[in-house]
Each structure stands twice: as C-alpha cells, then as structure tokens.
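Below is one structure, written out as structure tokens; comments come after it.
What follows is calculated from the coordinates using simple rules that are stated; it is not laboratory data. Please read all numbers here as calculations on a predicted model, not as lab measurements. So basically every Cβ, Gly included, is an ideal-geometry build from the backbone, and we count neighbours across all protein chains shown.
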Amino acid sequence: MANTIVNNKKARFDFFIIDEYESGISLKGWEVKSLRANRGNIKESYATIKGSELLLIGAHISPLASSNIIDESESTRTRKLLMHRKEINKISTLINEKGHTLIPLSMYWKNGNVKVSIGLAKGRKKQDKRSLIKERDWKRQADRLKKLNR
C-alpha cells in the first residue's frame, strides 16, 4: 500500500484485528479531489451491514476551498463500500458474534481507485492496552541496549 491516503493507527491499538478485507468505496467527484489532497479522516468511523449493503459511517472528507459544497453534513455522509455479495455474507455471520465490529484501517489508491482496508475487530480491555504499552516499551529499551553494546 504505497499510495496510502489515511491510516487509522488508533484502531490497531484499541482493537484486536482478527481479519482484514479490501473494499472499494462509492464517492462523489469532490470527495475524490479532496482525497487526492489528503483531506480525509477515518479515526472515528466504523462499518456496518444494513440489509445486503456494507456502509462506512462517520468517515470525514473535508471539501476543498474551491468546491461549492454548502452543506457541512455532506463531509460525514454515509458511504457505500463495494464488495462481492459472498464476502458481505461471510462478514455478516462473523460480525454477529458478541464484541465483533468492522473498522476501517486505511484508505489508499490502487490502480487509480480508492480502496478501504476494513478490519474485523474485537475491542481490547484496558489491561490489554496497558500490557501492550509495557511490552512495546520493553522491546524499545532492549533494542537501545543492544545498540549501545555493539
């Protein structure tokens, strides 16, 4: 994913990522122009299944100053994610388990199209987050010591 538009770093900290899926996204013209200018945010967004459609809710794409978007609610509108029906049905059965959710991990360009990497995730408890931080700090400290002892 060399052409990354937006990453959701907090998602990997707040959730256990069980599985990742790639999907397309249905956008309007001004949204594509804004994403080319890296004016997107997916930190507070999530994906859900309504009927037989996969929807991205809460993703914010700021309009450019040159666009004539008057309504601010257009920037956080619900967007349809494009996946095959079989994949949506498979995800639907997995998401019905207690504690599972779909969160966007990143948006990126692939062959001129915007793709969204979606993760099937389970929330972390506070203790899990603390142990993750402790483990990361310990690894960082060990690497420093190894570097000094060369």
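At-a-glance table
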quantity	calculated
Equivalent ellipsoid dimensions for the chain as semi-axes, Å, which come from the Cα gyration tensor, largest first	31, 22, 14
Projected label distance in nm at ARG12 and GLU53, using a 7 Å step from Cα toward the beta-carbon	3.2
Label-point gap, in nm, between LYS33 and ASN68 - each point 7 angstrom along Cα→Cβ	1.1
Cα centroid separation - region 128-142 against region 22-66, whole Å	33
Subset of LYS86/LYS125; LYS43/LYS110; LYS80/LYS129; LYS10/LYS50 violating a 30 Å alpha-carbon distance limit	LYS86/LYS125; LYS80/LYS129
Calculated [θ] (222 nm, deg cm²/dmol) that DSSP helices of n ≥ 4 give over the chain, each run adding -39,500 (n - 2.57)	-10000 deg cm²/dmol
